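Participant: Could you have a look at this structure, given as structure tokens, before my questions?
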Amino acid sequence: MNKINEQTNFLEYFFYGLIIICFLSAFLFDNSFNILNGFIKIIRTQEVLLTDYFKIGGFGATLINVSLVMVLTMLIIKYNKITVNGFVFAAVLTLAGFSLFGKNIYNITPIFLGVYLYSIYSKEQYKSYFPIAIFATCLSPLIGVNFFDNAFGVVLNILIGTIYGFVIVPLSSHVMKFHNGYTLYNVGFAGGLFAIVLVALLRTLGIKLDVVNYITYEYHTILLYFVLSISLFFIILAFINKDFSLQDYRNLTKKSGRIVTDYFALFNKSSVFFNIGIMGLISLIISLISNIPLNGPIVGVILTVMGFSVFGVSPINSLIVMVGCFIMHLLSYESQFTTIELIAILLVVGIAPIAGKYGLIWGIVAGMLHYSVVKFSGEWQGGLNLYNNGFASGLVAGVVVSIIEHLKKEKQG
Amino acid sequence: MKSNEIKKITKALNELQTYFLLKHYQNVVSEIKILDHQIFISLTIHHFDFEKEEEYKSTLIAQRNSALEEYSWELLGESEQENELDIVSSLFDEIEFDRNNHSLIIKLIRYLEY
């Protein structure tokens, strides 16, 4: 229990540190007037994929948004006495990352409320569902859909967001069996299914929903230093802790990563810190090689990869699916390589467990299929699901794993 | 008791039974008792290979976590994945190991008010 308390305390302090850094940096690099103006723009914008808040609201406002989102989340965590384990760490760091391009203090709140109402309905504690609530904010753009340009429209948005929050817990539980835990983005997959049905309904009623691409590259240098600093921070932390062992880390990388693989529960914390740092560096190097300047979405996605580096993602299983993804890009008829393609290659790590369990060939096949599905599935969801890669990964994992398992049974039979 | 609660413990027990049967143990006896404030499960694996005891002890460590439990309990059941024992671990407050002659007895306790 002491080890768990120690680990929880450290992870909490990490998040507090991140909040403070974001808050101070906002005022260091921007002024109050810009921040306020920018923040209002962020709240009022319709955040379908891809909407880089650095472009919409500017640097300071975006960082204030990240701070506020994390403050709200950490307050709920503390109030409900939620243990910050690997699962919660992945959720909160993902939330922080996506607060750079789609999640804000206004559009996540109805979803938190909906999940809270579900916890009352099911007579369970909110702490049992809050990590799911955090991931469920993948559909926060729903709150910004322009039904009516008046107060009634706002109320409708909040109501739909709350209803979604209410149903996402049972939905995400139910869909887990489809992919059997071979995508780490289960809630993103469930959210995507909800989004597809909802978008079909909205389009039938004449509401237009299109994928957009609002990105700025003007903060590349500062974002580079930010990601590099966090990655190196975890690597240095790994070596400062006296329990770092290469053998323990090797054992970590041998795990398939399938749900539930909480590395903090299974290995020395030094190995986990090292893994976070390494995955951050790998993601950063891939981004730099791609020659696409860092922006809100890319940095948000790198933070997501780092978050999941405590919950199933490690270099070996990840690189295999990333290679598959890249191969498919080379084979595709479109030669352009933009932020969207880079995000697919980074976030394909969600199906890293397929490579971890079934090996190189199936991992590459899964990576290739993931790339293809991602290219089209955003449009199916009207750009409303920030975890488009999550949805694609669930679909691919469900199809691929069922085929693999069937072939295995036939071979054994 | 809620039906979900019953489903979770029966799935956990099914998972453990399947796991040990797939390890070629041919005599696995299980028991469930629902008491006032807790659920007690015991699993007795006869003719147990005690060289493997430490391996199971390191995998089955009680670490009840309601969030992980809600997220992943549907994965429990009849598949052959070792990491489902991690999910089993997240459902119980206490897990103990005892020996009786050539048998290993695993006792799992889940408190009803958590």
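Participant: Among the residues of the stretch A:202-214, is any part of a helix (DSSP H, G or I) and within 20 Å of A:S309 (Cβ to Cβ)?
Facilitator: So far as the stretch A:202-214 goes, no, none of its residues is part of a helix (DSSP H, G or I) and within 20 Å of A:S309 (Cβ to Cβ).
Participant: Same structure again: Counting only residues that are hydroxyl-bearing (S, T, Y) and in contact with a Phe, Trp or Tyr (Cβ under 7 Å, 6 or more places away or on another chain), how many does the stretch A:35-60 have?
Facilitator: Qualifying residue count for the region: 2.
Participant: Follow-up question, since we're still on this one. Step by step: first the residues of the stretch A:159-179, then only those that are more than 12 Å from chain B (Cβ to nearest Cβ) and of a type in the set (G, A, S), then the one that is farthest from the chain's Cα centre (by Cα). Which residue is that?
Facilitator: A:G161
Participant: While we're looking at this one, here's another question. Could you please find all residues in the stretch A:336-354 being closer than 20 Å to A:M176 by Cβ and without any contact (Cβ under 8 Å) to a residue 40 or more places away in the chain?
Facilitator: Those that are closer than 20 Å to A:M176 by Cβ and without any contact (Cβ under 8 Å) to a residue 40 or more places away in the chain: none in the stretch A:336-354.
Participant: Any idea which of A:M368, A:M322, A:M328 is part of a helix (DSSP H, G or I) and more than 22 Å from the chain's Cα centre (by Cα)?
Facilitator: One residue alone meets the criteria, A:M328.
Participant: Would you check which residues across the stretch A:317-333 are surrounded by fewer than 19 Cβ atoms within 10 Å (Cβ to Cβ) and either touching a Lys or Arg at 6+ places or on another chain (Cβ under 8 Å) or small (G, A, S) (or both) and list them?
Facilitator: Result: A:S332, single match.
Participant: List the residue pairs whose Cβ atoms are under 9 Å apart, where the first residue sits in the stretch B:28-55 and is closer than 29 Å to B:E5 by Cβ, the second is small (G, A, S) and outside any strand (DSSP E or B), and the two are 6 or more positions apart or on different chains.
Facilitator: From residues that are closer than 29 Å to B:E5 by Cβ, the pairs are B:I41/B:A12.
Participant: Output the residue which, of all residues in the stretch A:259-286 that are in a helix (DSSP H, G or I) and within 13 Å of chain B (Cβ to nearest Cβ), is nearest to A:N317 (Cα to Cα).
Facilitator: Here the answer is A:Y263.
Participant: On the basis of being surrounded by fewer than 17 Cβ atoms within 10 Å (Cβ to Cβ) and either within 14 Å of another protein chain (Cβ to nearest Cβ) or at pLDDT below 90 (or both), does B:K57 make the cut?
Facilitator: yes
Participant: Condition (residue is at pLDDT below 85 and either under 29 Å from A:A91 (Cα atoms) or acidic (D, E) (or both)) applied to the stretch B:4-23: is it met by at least one residue?
Facilitator: Yes, the stretch B:4-23 contains at least one residue that is at pLDDT below 85 and either under 29 Å from A:A91 (Cα atoms) or acidic (D, E) (or both).
Participant: When you check A:G192 against the structure, is it under 25 Å from A:K375 (Cβ atoms), touching a Gly at 6+ places or on another chain (Cβ under 8 Å) and within 14 Å of chain B (Cβ to nearest Cβ), yes or no?
Facilitator: So A:G192 does not fit the description; no.
Participant: I'd like the residue in the stretch A:221-258 that is charged (D, E, K, R), part of a helix (DSSP H, G or I) and within 14 Å of chain B (Cβ to nearest Cβ) and, out of all such residues, is surrounded by the most Cβ atoms within 10 Å (Cβ to Cβ).
Facilitator: Only one residue tops the list, namely A:D248.
Participant: Return the residues of the stretch B:63-84 that are surrounded by fewer than 20 Cβ atoms within 10 Å (Cβ to Cβ), more than 8 Å from chain A (Cβ to nearest Cβ) and modelled with pLDDT under 80; say none if nothing qualifies.
Facilitator: B:G77, B:E78, B:E80, B:E82
The values are calculated or read from the model by the stated rules, or taken from the named source; none is laboratory data. Bear in mind the structure is a predicted one, so any value in this text is a computation, not a measurement. Neighbour counts run over all protein chains shown; Cβ positions are idealised from the backbone, glycine included.
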